[in-house]
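The structure appears below as structure tokens.
The values are calculated or read from the model by the stated rules, or taken from the named source; none is laboratory data. Everything numeric here is computed off the predicted structure, so don't read it as measured data. Note that each Cβ is placed from the backbone with ideal geometry, even for glycine, and that neighbours are counted across all protein chains shown. With ligands, DNA and RNA removed, areas are computed over all heavy atoms of the protein, side chains included. Shrake-Rupley method; radii C 1.70, N 1.55, O 1.52, S 1.80 Å.
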Amino acid sequence: MSEILKVENLRVEFRVSQREGGRRVAVDGLDLKVSAGEVFGFLGPNGAGKTTTMNVLLGFLPPTQGRAFLFGVDVREPIARQRIGYLPEMTYYYKFLTAEELLRFYGRIFRLPREQAESRIDQLLKLVELEEVRGRPIRTYSKGMQQRVGLAQALINQPDLLILDEPTSGLDPLGRLKVREIIQRLKNEGKTVFFSSHELGEAETVCDRVGIMNQGRLKAIGRISDLVGGNQSSLEQVFLSIIGHPPGDGGQQTPQRPGN
């Protein structure tokens, strides 16, 4: 499988007050590869470095050290981002627009021909199950519905790679279920999905592989079955052990270390 996303020795530092040491390392020596057609879960607690890594991939933030590539092109080149769709953790839309008006706006941004855009809007509203409310203002939508509108706009340009930052954050169980179902459908269509989360249910349900970040470092990577194998009984136990909160049942193996 060809590499869609590649990160080499990525390091990101931020300036902080001298009292705090002057510099804070958000990502430290990250190496990562994601292949075409893969659903990859980028897991970790809040502050682990997940969003910072995504901001580098999206060109929002320059790395202090190292390099990152999308489709073999350095992320600092605008062309690298032409084939991606992005859903931020917090979506900000003009709430007076309807779902179809919002998608029409993004279709114009990507210069889609009118007929193609209208056909694409119909497909996406069906995919995210918002057909019946397509003419209602977004301000009348629940948070889960707004997240699904966000997924639709991330897909308007038929991207080969989707980057989703905490796509189920703040959603109720039904909202999380619907987002997971959409990710599963995208996986079945052969899309490459890279999403960050500190919710483990999504990863266990849809991911081919996961990477677990803590304090800016990649602590474990692999298929869930491999990470959980041996005496480990769940991904939650592996996760808690990595972030320094070992479960109380004892007798655990050390998780797999980063590698291909």
Taking the condition surrounded by fewer than 20 Cβ atoms within 10 Å (Cβ to Cβ) and without any contact (Cβ under 8 Å) to a residue 12 or more places away in the chain, does D74 pass?
yes
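Tell me, please, whether a residue that is of a type in the set (K, R) and at positive phi can be found in the stretch 112-130.
Initially, the stretch 112-130 is screened for residues of a type in the set (K, R), giving 114, 120, 126.
Filter again for at positive phi, leaving none.
For the stretch 112-130, residues of a type in the set (K, R) and at positive phi: absent.
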So T98 passes all but one of these: (1) open to solvent by less than 30 Å² (accessible area, probe 1.4 Å); (2) in contact with a Phe, Trp or Tyr (Cβ under 9 Å, 6 or more places away or on another chain); (3) over 30 Å from V25 (Cβ atoms). Which condition number does it fail?
(2)
Is there any pair with a first residue in the stretch 211-230 that is at pLDDT below 90 and a second that is surrounded by fewer than 18 Cβ atoms within 10 Å (Cβ to Cβ) whose Cβ atoms are under 7 Å apart and which are 6 or more apart or on different chains, and what are they?
I224/E204; D226/Q256; L227/Q256; V228/S234; G230/Q253
When you go through E204, E181 one by one, which is the residue that is closer than 24 Å to G244 by Cα and assigned to a helix (DSSP H, G or I)?
E204
Among the numbered conditions (1) open to solvent by 10 Å² or more (accessible area, probe 1.4 Å); (2) modelled with pLDDT of 85 or more, tell me where V193 comes up short.
(1)
Scan the stretch 128-146 and report the pairs whose first residue is assigned to a helix (DSSP H, G or I) and open to solvent by 50 Å² or more (accessible area, probe 1.4 Å) and whose second residue is at pLDDT below 95 and aromatic (F, W, Y), with Cβ atoms within less than 9 Å and a gap of 6+ or a chain change.
R139/F96
Residues of the stretch 155-178 being in contact with a Ser or Thr (Cβ under 8 Å, 6 or more places away or on another chain), open to solvent by 50 Å² or more (accessible area, probe 1.4 Å) and in a helix (DSSP H, G or I), in sequence order, are R176
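Right, E89: of a type in the set (D, E), crowded, with 16+ Cβ neighbours inside 10 Å and outside any loop (DSSP other than H, G, I, E, B) or not? Reasoning before the result, please.
Details: of a type in the set (D, E): yes; crowded, with 16+ Cβ neighbours inside 10 Å: yes; outside any loop (DSSP other than H, G, I, E, B): no.
So E89 does not fit the description; no.
Considering the stretch 50-71 alone, what residues qualify as being open to solvent by 60 Å² or more (accessible area, probe 1.4 Å) and either in contact (Cβ under 8 Å) with a residue 24 or more places away in the chain or in contact with a Gly (Cβ under 9 Å, 6 or more places away or on another chain) (or both)? Spell out how you get there, then give the answer.
Residues of the stretch 50-71 open to solvent by 60 Å² or more (accessible area, probe 1.4 Å): 60, 62, 64-65, 67.
Listed by number, the residues that qualify are T64, Q65, R67.
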E202 modelled with pLDDT under 85, open to solvent by less than 60 Å² (accessible area, probe 1.4 Å), touching a Ser or Thr at 6+ places or on another chain (Cβ under 7 Å) and not hydrophobic (A, V, I, L, M, F, W, C)
yes
